[in-house]
Amino acid sequence: MVVQTRLVTLEAFERFVALPENADRNFEYIAGEIVEVVSNNYASHLAAKLLGRVGIHVDDHRLGRVTGADGGYSVGGNKYIPDGAFISFDRQPDVCREAYNPLPPDLAIEVLSPGNDAAEIARKISHYLAVGTVVWVVDPEKRTVDVYVPGQAVQTLREQDVLTGGELLPGFRYPLANFWD
């Protein structure tokens, strides 16, 4: 949900999110707009379920770190808070303690909620891809996972398919039949 009608600078965004009344709210900065990130329990559940699987794989193979829906990232001049993300030790050996990591994630997981705007999601995907981020977009209504890899055609996975980590998360496999409730 866009929370202002005029475009603002990144500095104005940072002042806005630092206000005390915004302490318990999550915002993204998308092409000059301040957008509040609002989810629902089902979308959050699916994000946690998928991120849990990714997190175990990442830890078991000592690949890097994962963040949940409170971990923000700088993505080509924008500030995003994906539902889940992964960043490799190769790209960031030390833990980031800032609200918005100055580096984009290697993987962003976005779970669609009823309030998501299709144009906004498409814009975010294009920004992620432009900085080299792989994106998994989970659509609970369609029961699909769209896999976006920079330089490749989007791959739509359905319930009978297996989500794999590709080159980014070697050996990661998750049968989507086990994902949906």
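Within segment 154-176, which residues are farther than 26 Å from Asp90 by Cβ and exposed (fewer than 11 other Cβ atoms within 10 Å of the Cβ)?
Gln160
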Residue in segment 132-141 that is surrounded by the most Cβ atoms within 10 Å (Cβ to Cβ), counting only those that are over 15 Å from Arg53 (Cβ atoms) and touching a strand residue (DSSP E or B) at 6+ places or on another chain (Cβ under 9 Å): Thr133
Residue in segment 98-110 that is open to solvent by 20 Å² or more (accessible area, probe 1.4 Å) and aromatic (Phe, Trp, Tyr) present: yes
Candidate set: segment 35-49, residues that are touching a Phe, Trp or Tyr at 6+ places or on another chain (Cβ under 9 Å) and more than 22 Å from Val75 (Cα to Cα); chosen: the one surrounded by the fewest Cβ atoms within 10 Å (Cβ to Cβ): Lys49
Segment 59-73, residues that are surrounded by 16 or more Cβ atoms within 10 Å (Cβ to Cβ) and under 11 Å from the mean Cα position of the chain (by Cα): Val66, Thr67, Gly68, Ala69, Gly71, Gly72, Tyr73
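Look at Asp83 and say whether it is at pLDDT below 95, under 21 Å from Ala48 (Cβ atoms) and exposed (fewer than 12 other Cβ atoms within 10 Å of the Cβ).
Taking the combined requirement at face value, the residue does not satisfy it.
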Pairs where the first residue, in segment 108-122, is under 9 Å from Asp139 (Cα atoms) and touching a residue at least 24 places away in the same chain (Cβ under 8 Å) and the second is assigned to a helix (DSSP H, G or I) and among the aromatic types (Phe, Trp, Tyr), C-beta under 8 Å, 6+ apart: none
Top-ranked residue of segment 111-122 - restricted to ones that are in a loop (DSSP other than H, G, I, E, B) and open to solvent by less than 50 Å² (accessible area, probe 1.4 Å), ranked as nearest to Leu51 (Cα to Cα): Leu112
Filtered residues of segment 74-104 (kept if assigned to a strand (DSSP E or B) and either closer than 26 Å to Ala23 by Cα or under 13 Å from the mean Cα position of the chain (by Cα) (or both)): Ser74, Val75, Asn78, Lys79, Tyr80, Gly84, Ala85, Phe86, Ile87, Tyr100, Asn101
From Gly76, Gly32, residue being more than 17 Å from Leu168 (Cβ to Cβ), open to solvent by 50 Å² or more (accessible area, probe 1.4 Å) and touching a residue at least 24 places away in the same chain (Cβ under 8 Å): Gly76
Residues satisfying the stated conditions in segment 150-165, i.e. in contact with a helix residue (DSSP H, G or I) (Cβ under 8 Å, 6 or more places away or on another chain) and more than 11 Å from Trp136 (Cβ to Cβ): Pro150, Arg158, Glu159, Gln160, Asp161, Val162
Tally of residues being part of a strand (DSSP E or B) and among the hydrophobic types (A, V, I, L, M, F, W, C) across segment 123-178: 10
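The values are calculated or read from the model by the stated rules, or taken from the named source; none is laboratory data. Quantities reported herein were computed from a predicted structural model and do not represent experimental measurements. Cβ atoms come from the backbone with ideal geometry, glycine included; neighbour counts cover every protein chain shown. Ligands, DNA and RNA are excluded from the accessible area calculation, which covers all protein heavy atoms including side chains. Shrake-Rupley method; radii C 1.70, N 1.55, O 1.52, S 1.80 Å.
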